[in-house]
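Worksheet for the structure shown next.
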Amino acid sequence: MRSLSAQAPRRDPAPSRVAYRFQRLWLTPVFRSLVRTGLPSFALVVGLGAYLTDEATQDTLDAAIADLRASVAERPEFTVNLMAIDGASDGLAEDIREILSLDFPLSSFDLDIDAIHERVSGLDAVASARLQIRSGGILSVEIVERVPAVVWRTADMLELLDAEGRRVAAIDSRTERPDLPLLAGVGADAAVPQALDILAAAAPLADRLRGLVRMGERRWDVVLDRDQRIQLPETAPIIALEKVIALDKAQDLLARDISVIDMRNPVRPTLRLAEPALEELTRIRAIERGGQNR
Amino acid sequence: MTDLYQRQRAMRNMRLAAMQRGVVAILDLGTSKIACLILRFDGPETFRDSDGIGSLAGQSSFRVIGAATTRSRGVRFGEIDAMAETERATRTAVQAAQKMAGVRVDHVIACFSGARPRSYGLAGAIDLHEGMVTDTDVARVLAACDVPDYGDDREVLHAQPVNFALDHRSGLNDPRGQIGNRLACDMHMLTVDSDVIGNLIHCIRRCDLELAGVASSAYASGISSLVEDEQELGAACVDLGGGSTGISIFIKKHMIYADSVRLGGEHVTQDISKGFQIPLATAERIKTFHGGVIATGMDDREMIEIGGQTGDWEHDRRTVSRAELIGIMRPRVEEILEEVRVRLDAAGFEHLPSQQIVLTGGASQVPGLDALAPRILGQQVRMGHPLRVQGLPQAATGAAFSSAVGLCLFAAHPQDEWWDFEVPIERYPARSLRRAVKWFRDNW
């Protein structure tokens, strides 16, 4: 028997009960994974959480991140020094500079290209815009302008519209653009392509043409001087107009004292005489009737 | 009897639980060494649903993933002598094996060689109620075996049905499903000292392990050392251990007799130590390196330094010839073998059809034993090695590990024991609820 009072032997190959139990505990898979992954991850989460939730640390971190960003963004490779606007008239370029109101130099990180593109494209006079930051710190804006095709007179203003009916600009007086044909009437801007076709067809009448009027947002009236009107139908207005022109060529129709040529029903053109012509016609008819009666 | 039945059944359930978990430890508590193997049951055979023993005799169902051996402490004659020392040695072995395996093991199957095993042949017979033999009938016939009075201080370690007879037909391996009127069975029962097995259970408890099975080491080394035809035709396995020598006789793949001689290799060492006046450690070393049992003329000239630590030059420079060493070892080895012969004769070994004797165990490795043993045990003697099992380290494949390896096979393929069958209804107390439940289960 091992002596109770004596010292333990210098080296016992057998593990102590504690060591034995600890080894068995350590070989338990649950305990092992808990200690090897659970505890470190728990400590990491708690430690990081405690560090990050501190107010001062957050400020420091934010400042550090801002500094880092600034140090990159302020490098000369990323500075944008000027804006070059191509394809725009001077007035439009002025407008663009005004609405963007960028104060150069600034970093390309601070430029929100998408927003700028949206704002430039939002201008009425701009058909499309391409933005690019070119090397050398140039913000290049390539503009395709809308070309005004007609002048549209509404109740209170004069507007320039392009061939698709999109608004280009407002003008103060008709004399600013006498070269463009005039449209009038509510909803005329929605049918500008048709109006342009009619105007093209009405080229033989160009010297007498005053403009087109949109009637009831569905059909056109061609207005000539001497208060003559050609009322065109809703469908196939060009054919109707060509008929009128053919009549004019054959019988000199428009030169007569006629106020309205009603082509709204194309199979039954109707003429409205002007007041003196009507009286003259009534008188002639009365004479004819009287002559007959006599 | 019921108490023992319950305990063995509990151990069997524990073993099933261990199998479910897949890891079980094998502990061979020997006199000279304690070996611990850790088995993992994950082989391709584990989940095979068909019956039969499968490829590689079912060994491919498990793999040894940890093995450790340590010098035994506090064990004499295969019995625990100093509990605390044995516990330390067990902890050493288990810890090293766990470290090698890298898994924690909770269930252990143990074997030991001592505790004076005693064999009984039991016979029982019943009349069958209905013509066909069922599981219940087998349980009834096992319960009907008349158990001898083996003493209060003894425990049943093994109780295996060996043979069944149905009417006039004997030698049945499995009578179930056969038709007959009278079923008889022979059972082999092995009892051991209950103190010893109690100590063993307590020692394993103290190591925080659960005992999932106990076997006699003579039985275990018989399983691993005897080849299949030897087990079938009849053979004896002599496990020459450190403190005791186990004998088991097999026929028709069943153990029919087991005994042990309380002599072993340690006694040889003690003889050398006493004869040459040298420490036991030196004697063990000399025995291992130079030992033998057959002297030749050459051995007179081979001098062995036996040394000493006294400081006396004459004493410390002593030498002995190998012939002298053999002269000391041989009588003791002869004594052991003669004692084995006596036990075999007492068991009636000479009446077996085949009288193969297989020597295994650590002490069987002494050179010249293969020439000495036939003079005492008869001509059919061979040296046995345990079966190769998967994953066993080379260092643990020697004859000294035959009982550990046998225990692995025992764990993988336990033989049917008495307690594997349901208790027949007659054994329950007359008014117990379980009897009623059992009656219902049997009849519906």
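Since every read-out is calculated from the coordinates, none of them should be taken as a lab result. Here the structure is a predicted model, which means the values were calculated and not measured. When we count neighbours, we look across all protein chains shown, and the Cβ atoms used for this are built from the backbone with ideal geometry, even at glycine.
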Study note, to complete from the structure: Rounded to the nearest 5, the percent of DSSP beta bridges in chain B running antiparallel is 75
Revision key, fill the gap. Quick calc, B:T296 & B:A123: beta-carbon distance into FRET formula, R0 60 Å, rounding 0.05, result 0.70
Check your understanding: What percent antiparallel are the DSSP beta bridges of region A:86-200, to the nearest 5?
Key -> 80
Check your understanding: Say each of B:E232 and A:R97 gets a label point 7 Å from the Cα, pointing the same way as Cα to Cβ; how far apart are those two points in nm?
Key -> 11.0
Point to revise | Net charge of Cβ neighbours under 10 Å - reference B:S248; Lys, Arg +1; Asp, Glu -1 | key: -2
Check your understanding: Given springs between every Cα pair under 10 Å in a Gaussian network model of chain A, which of A:A66, A:A149, A:A170 has the largest fluctuation?
Key -> A:A66
Review point. Taking the Cβ-Cβ separation of A:A250 and A:S128 as r and a Förster radius of 35 Å, what is the calculated FRET efficiency to the nearest 0.05?
Key: 0.15
Review point. Under 5 Å between amide H atoms, partner at least 5 residues away or on a different chain: which partners does B:G66 have, H built in plane at 1.01 Å?
Key: B:I38
Practice item. Please list the non-local residues whose amide H lies under 5 Å from the amide H of B:T397, H modeled 1.01 Å from N, same-chain partners needing a gap of 5 or more. Key: none
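Give me the number: length gained by fully extending A:F42 to A:D172, i.e. 0.36 nm times residue separation minus the C-alpha to C-alpha distance, one decimal in nm.
39.3 nm
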Review point. Considering chain A as a Gaussian network with a 10 Å cut-off on Cα pairs, which listed residue, A:R36, A:R69, A:R17, attains the greatest mean-square fluctuation?
Key: A:R17
Exercise for review: Would you mind working out the magnitude of the charge dipole of region A:171-275 relative to its Cα centre, with +1 at each Lys and Arg C-beta and -1 at each Asp and Glu C-beta, to the nearest 20 Debye?
Suggested key: 300
Practice item. Summarise the partner chain shielding of B:92-101 as one whole number: the mean count of Cβ atoms from other chains within 10 Å of each residue's Cβ. Key: 3
Practice item. Considering the options A:P193, B:T69, B:P414, tell which one lies farthest towards the positive end of the dipole of the protein assembly as shown, charges being +1 on Lys and Arg and -1 on Asp and Glu at the Cβ, about the Cα centre. Key: B:P414
Review point. How far apart, in nm, are the 7 Å Cα→Cβ label points at A:L4 and A:A236?
Key: 13.1
**Study point:** Within region B:118-192: Cβ-based charge dipole about Cα centre, in debye rounded to nearest 20 (Lys, Arg +1; Asp, Glu -1)
**Key:** 220
Practice item. Show which lysines lie in cross-link reach of B:K33 when reach means a straight Cα distance below 29 angstrom and same-chain residues fewer than eight apart are skipped. Key: B:K99, B:K253, B:K274, B:K287
Point to revise | Computed [θ] at 222 nm, helices only, for chain B once each DSSP H run of length n ≥ 4 contributes -39500 (n - 2.57) | key: -11500 deg cm²/dmol
Check your understanding: Distance from the Cα centre of region A:1-75 to that of region B:372-404, in angstrom?
Key -> 51
Revision key, fill the gap. Rounded to 0.05, the calculated FRET efficiency for the beta carbons of B:A395 and B:V147 at R₀ = 45 Å is 0.55
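About the Cα centre of the protein assembly as shown, what is the dipole size in debye to 20, counting +1 per Lys and Arg Cβ and -1 per Asp and Glu Cβ, all else neutral?
Value, rounded to 20: 1780 debye.
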Exercise for review: Would you kindly derive the ³J(HN,Hα) couplings of region A:178-195 from the backbone phi angles with the Karplus curve 6.51 cos²θ - 1.76 cosθ + 1.60 (θ = phi - 60°), listing them in order in whole Hz, with x for Gly and Pro?
Suggested key: x, 6, 8, x, 10, 10, 8, x, 5, x, 5, 5, 6, 10, 4, x, 5, 4
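At 20 °C and 1.002 mPa s, grab the translational diffusion coefficient of the protein assembly as shown from Stokes-Einstein with a Kirkwood Rh over Cα pairs, rounded to a whole number in µm² per second.
58
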Study note, to complete from the structure: Debye calc, one equal point scatterer per Cα of chain B, no solvent, log10 I(q)/I(0) at q = 0.08, 0.09 1/Å comes to -0.49, -0.61
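How much mean residue ellipticity at 222 nm does chain A get from its helices, if each DSSP H run of length 4 or more adds -39500 (n - 2.57) and you divide by all residues, to the nearest 500 deg cm²/dmol?
Calculated at 222 nm, the ellipticity per residue is -12000 deg cm²/dmol.
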Check your understanding: Amide H of B:R154: which non-local residues (sequence gap of 5 or more, or other chain) have their own amide H closer than 5 Å, using H built in the peptide plane?
Key -> B:S194
Review point. Among A:P193, A:P15, A:P148, which one shows the biggest mean-square fluctuation in a GNM of chain A, springs joining Cα atoms closer than 10 Å?
Key: A:P15
Exercise for review: Take every DSSP beta bridge with both residues inside chain A and express the antiparallel ones as a percent of the total, to the nearest 5.
Suggested key: 70
Point to revise | Under 20 Å from the A:E74 label point (7 Å along Cα→beta-carbon), backbone N, region A:108-138 | key: A:108-112, A:137
Point to revise | Mean-position separation - Cα centroids, region A:84-128 and region B:227-302, in angstrom | key: 105
